[in-house]
Amino acid sequence: MKILSRTPPLVLVLLSIVSVQLGAACAKSLFAALGPVTVVFLRLSMAALLLLLVVRPNWSSLRASQWRITLAFGAILALMNLTYYLALQRLPLGLTVTIEFVGPLAVALWHSRRPLDFVWVLLAAGGIALLNPFNGEIDAQGFCLALVAGACWAAYIVLGEKLGGALPGVQGLSLAMTVGAVFLSPVGVHASATIAENYALLPVAFAVAILSSALPYSCEIEALRRMPKRVFGILMSVEPAAAALIGFVVLHEVLSKTQILAIALVMIASYGAVKFAQSDGVVSTDL
């Protein structure tokens, strides 16, 4: 996909954010009929099939080290999507993404080098701290599932850079997504009757696969080739605001003032990180 390699990394990340949140909104609309676990399986399997047809990776040429990173990334991909959708079933889209941001936040903190970076990290952490399950305003199980999804997101960022360096283009992604779909294949077998009964929803599931997996992951893998993990992790903090907006417009999810404040803190952290990263040359001028 040469068009991805010619696109500035910042544009790739923003495109990924909008695409994945639209996909999540579409996916949530399928939960009542199919359930979140079945939707995850359909999303990964359809996206994997699409990428395999487009990329046509050479399976036989992979070395043992390339297989190891592919298998690890595929497993994380499956677990991240599974826990995210289970959390999304219990929480509004904007809150799910905000809590999940603990993963990129941890990556950003780990790779910080300047005192100023910790200001943005602390602002984002303050926003997440406002969203706690102990005051009864949000579902505790959904909160915990979103935290697990966030941990997987952190691993996704780290492993994604390694995968991008180990395999050219999006070959690694297509193979890893296939691995993730294989991990979830028992779900597909178990839910085959449900899928058959709701075959009319398969076009929507295919749209979810493109919007939530094939397009954003391809963009992110390419962006991670040319963008430091620390900057990528903090830049992705804009996603809660995009999720809240799309959740409101598409799913009619209304958030409280405290929840909006939490998202605003994360947005401020994202703006500061990107602005000062560009000014001191941490990110390439391609941005």
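Cβ separations smaller than 6 Å between residues 6+ apart or across chains give the following pairs from segment 47-70 residues that are more than 14 Å from L167 (Cβ to Cβ) to residues that are in a helix (DSSP H, G or I) and of a type outside the set (G, A, S): A47/M177; A48/M177; A48/T178.
Within segment 84-106, the only residue that satisfies the criterion of being surrounded by fewer than 23 Cβ atoms within 10 Å (Cβ to Cβ) and among the β-branched types (V, I, T) is V102.
L86 meets the conditions (1) modelled with pLDDT under 95; (2) over 19 Å from G160 (Cβ atoms) in every case but one. The failed one is (1). Of the helices (runs of 4 or more DSSP H) lying entirely inside segment 130-193, those containing at least 2 residues that are in contact with a Lys or Arg (Cβ under 8 Å, 6 or more places away or on another chain) span 140-166. Condition (residue is basic (K, R) and either modelled with pLDDT of 90 or more or assigned to a helix (DSSP H, G or I) (or both)) applied to segment 55-69: is it met by at least one residue? Among the residues of segment 55-69, at least one is basic (K, R) and either modelled with pLDDT of 90 or more or assigned to a helix (DSSP H, G or I) (or both), which makes the answer yes.
Conditions (1) at pLDDT 90 or above; (2) out of contact with any helix residue (DSSP H, G or I) (no Cβ under 9 Å at 6 or more places or on another chain); (3) not in a helix (DSSP H, G or I), marked per residue:
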| position | (1), (2), (3) |
| --- | --- |
| E220 | no, no, no |
| L224 | no, no, no |
| M236 | no, no, no |
| A244 | yes, no, no |
| G247 | yes, no, no |
| E253 | yes, no, yes |
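Scanning segment 144-164 for residues that are under 9 Å from the mean Cα position of the chain (by Cα) and within 18 Å of R225 (Cβ to Cβ) yields a single hit, Y156.
Quick grid of which residues meet (1) surrounded by 16 or more Cβ atoms within 10 Å (Cβ to Cβ); (2) of a type in the set (A, V, I, L, M, F, W, C):
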| residue | (1), (2) |
| --- | --- |
| S5 | no, no |
| A25 | yes, yes |
| V39 | yes, yes |
| A48 | yes, yes |
| G74 | yes, no |
| L79 | yes, yes |
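Cβ-Cβ contacts under 8 Å between residues 6 or more apart (or on different chains), taken from a first residue in segment 176-197 that is closer than 26 Å to A155 by Cβ to a second residue that is modelled with pLDDT of 85 or more and among the aromatic types (F, W, Y), are listed as A176/F73; V179/F73; A181/F41; L184/F41; S185/F41; V187/F41; G188/F41. Do we find a residue being charged (D, E, K, R) and at pLDDT 90 or above anywhere in segment 89-99? Scanning segment 89-99, I find at least one residue that is charged (D, E, K, R) and at pLDDT 90 or above, so the answer is yes.
The values are calculated or read from the model by the stated rules, or taken from the named source; none is laboratory data. Treat the numbers as computed from the prediction; the structure is a model and nothing was measured. All Cβ positions, even for glycine, are placed from backbone atoms using ideal geometry, and neighbour counts span all protein chains on display.
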